Structures are given as C-alpha cells and as structure tokens.
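Just below is one structure, and these are the notes that go with it.
The values are calculated or read from the model by the stated rules, or taken from the named source; none is laboratory data. Just so we're clear, the structure is a prediction, and the values are computed from it rather than from any experiment. With ideal geometry, Cβ positions are generated from the backbone for all residues, glycine too; neighbour counts draw on all protein chains shown.
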C-alpha cells in the first residue's frame, strides 16, 4: 500500500489502541462511537462540496485539498472503527480498474 | 504515491483527455460538469454512511468497502476536474501526521 | 397544520397504502425500503447545497426552491416510512421557538 | 401558510434584521455567511440519516423528529439568507401535487 496511507493506518491504529480520549483526537472519536464518526464524514463531505464550488470560482484548490484530506482521514477512522481499512478500499479500486496493484497483492497472498 | 492511486490517477487522466462521453463513465462525468460530479460525491458519502450503519449491525464490511471506494473514486474525479489530485491530499495528510512520506517527497523535489 | 403540508401528508399516506410501485413514485420508494429513501434525502441535501452556491452567484433562487422542495418532500416520505410525520416536526419547531402554534395544538389536545 | 412556519419565518426575519451575533444563533449564522449555513444544512442532513437508521432499529422516532426539525430550520435560514422562504417551497410542493393550497394562494393574489 501507499507509504503515506500505510503509515497513517499505523498511526491511527496506535491511537485507537491507546484509548486516551483526552490526548488524541482519534481515540476521542472511537470513544464517542460510530455515530459521531459518521457525523464527521458527512460534515467533511459537505465542506468538500462547498470548497469545490469555491475552487471553481477562484481557481485555487488549497482549501479543497484540505477538506478532501479531512474527508479521507475521517473515512479511514470509520473503516478502522468497523474493523476494515484503506487497503481493502484500494484493492477494490484496483480490481475495478484492473490495475497491477492487484497483481502485486495477489503475488503477496501467494507467498503467504 | 501509492501504486494503486498513482495508476488510477493515470487511468482517470487518460479517460478525461479522451473526452468520449459515450465510451467512458469518467469522460461523461467531466462532460456533465462539476455539479454532476459533486452530486455523485454527496450521493456516495450518503451511501457510505448508510452502509456503515448496516455494517455496525451485521458485522460485514464488504458493502462499506465498495461505497468508500465509490466515494474516494468520485472525489478523485472531482480533484482532477479542478486541476488537483490525490498526491496533494496525501501530502497534506503526511504533513499533518508528520509522516515520512513527506520526507520522501521532499527528497524527490530536491532531485528535480 | 399548514394546509399544504396537511394535504400533502394525506396524498403521501394514500400513495403509501396503495403500494403500487409502478404507478406511484411514493409507493415505489416505500417498496424499495428505508435505505433508498435515505439515499434520496442525502442526494437532495447535496443538490440543495450546490443550488445555494449557484444562487449566491446568480442571484436567482428558483432552482434552490425546487431542490429544497425535493429535500422536504423526501424527508416527509422518510418520516412516513418510520411512522411519524411533519406535524411532529412542526410541533418541535413551535416548542423550541415558543410559537403560538403550540398553544393551538395544546388546545386541540385539551378538546380530545 | 402554516401558522407555525409563518410565525417561525417572522421570528427568523426579526433575528436576521437585528444582526446581533452574540445574542442570537440565527443572527450569528447570517453573520458567518452562506458557507457556514450550508455546512449546518449538510450536518443536519447527515444526523437525520443516522437518526433514521437508529429509528429503524429501535422503533422510536423522537430523535429523528428533532434532527428533521434541525434540518428544516437550517434550510429556512438558508432560504432567508438568499432572499427566499418556506412559502415558495410550499407553493412548489402544492403545484407538483396539484393541492388546493395553491388555489388558496391564487385567490389571495387575486385580492391584492
């Protein structure tokens, strides 16, 4: 998997395990539960859409990139909360588009 | 960048360039314009949230993974439509979480 | 209740009862189930937000009014599907804002 | 128009006019601008969808009614911010469903 997504997954899992709501935003989200995490996914999707309309007008994409990062980040927390992760999402995308990432994964699975 | 996201970006750009709405879903989205693309982002965010509530109940995440893939895919089409892409989003995530992916990118930039 | 909302509620309940998916959009939504209805609520919320951004720019609100009507309509179908309706929503708004609509309702309840 | 929606519209317009962000939530929303109002519309749509999934499971609709009230309330603030209001939405619904509310409105317009 992508080095950034792989590292981020590791960070997210560590913070989930620690379970110290005060010290970590991620632990706090897991502590508050799925509904709170999904509210954040919906909020960030809305902010992404608003930022895209503003980017269409201004020609600047910096805020849109930040909102999309928020959206992807919170959807990774959601996947983690339910026992899945970004690798499954990337595998699904690779499968749909017939990308070689899937072959690599298949060869990884072969080796197990 | 992640091999899957990098390859998918390439596929999405090729289909965007071709501009044959009939033959490609991606070209058709670009042809219909930003509002149509954002409607799909909102739709897929909603379907992701519903699938997460169903996954909470059933313990199965396969549909959730598919909906999240739809959400990420349509947000990549959105970024591409506005002249950005997933690399910028991953850089933003790496920067926030102080991940080494950023150092790698910095060293790539140094070599240019 | 508002004559329009009251009449619309009656129409929606009649179409729900009939249960002929082919002949009525409302019956078809109830037949497809809650997830389909909620997908429509999410879709229409997204289209309302996009239309509001376009209205901000153009100064024209006709499309925004149509999208908001779609949003309210589908949220009424959602309430009906789960055994509630717009009267409960209006009562809640009256209660929060200390509106006389609530007193009228209280006096209606007294007469029962 | 519905007595509750009509009264609420009056309250919302008064608070908008006053423009004292500290003393009124509605004035504060108008002061922060359209994007903030639309973020709230998106947030409340998400919370409505989550509450509907929970209502499906529990059979209780009280929280769903509150979230739908939040959604309708914030969409009324949005309409007001852009120079429209719930009457236009009700007229659109009456027109679509061929309800007598529209005839009443037509007769009101005749008298002007």
Being at pLDDT 90 or above and more than 8 Å from chain D (Cβ to nearest Cβ) narrows C:18, C:105, C:10 down to just C:10
Across (1) free of Cβ contacts under 8 Å to residues at least 12 places away in the same chain; (2) closer than 22 Å to residue C:88 by Cβ, residue D:68 clears everything bar (1)
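Tell me which residues, restricted to region B:83-99, are in contact (Cβ under 8 Å) with a residue 40 or more places away in the chain and surrounded by 19 or more Cβ atoms within 10 Å (Cβ to Cβ). Step through it out loud before you land on a result.
Filtering region B:83-99 for residues in contact (Cβ under 8 Å) with a residue 40 or more places away in the chain gives B:85-87, B:90.
Within region B:83-99, B:85, B:86, B:90 meet the criteria.
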Scanning region C:33-53 residue by residue, those touching a residue at least 40 places away in the same chain (Cβ under 8 Å) and within 7 Å of another protein chain (Cβ to nearest Cβ) turn out to be C:34, C:38
Note on region C:36-58: residues surrounded by fewer than 18 Cβ atoms within 10 Å (Cβ to Cβ) and farther than 30 Å from residue A:55 by Cβ are C:36
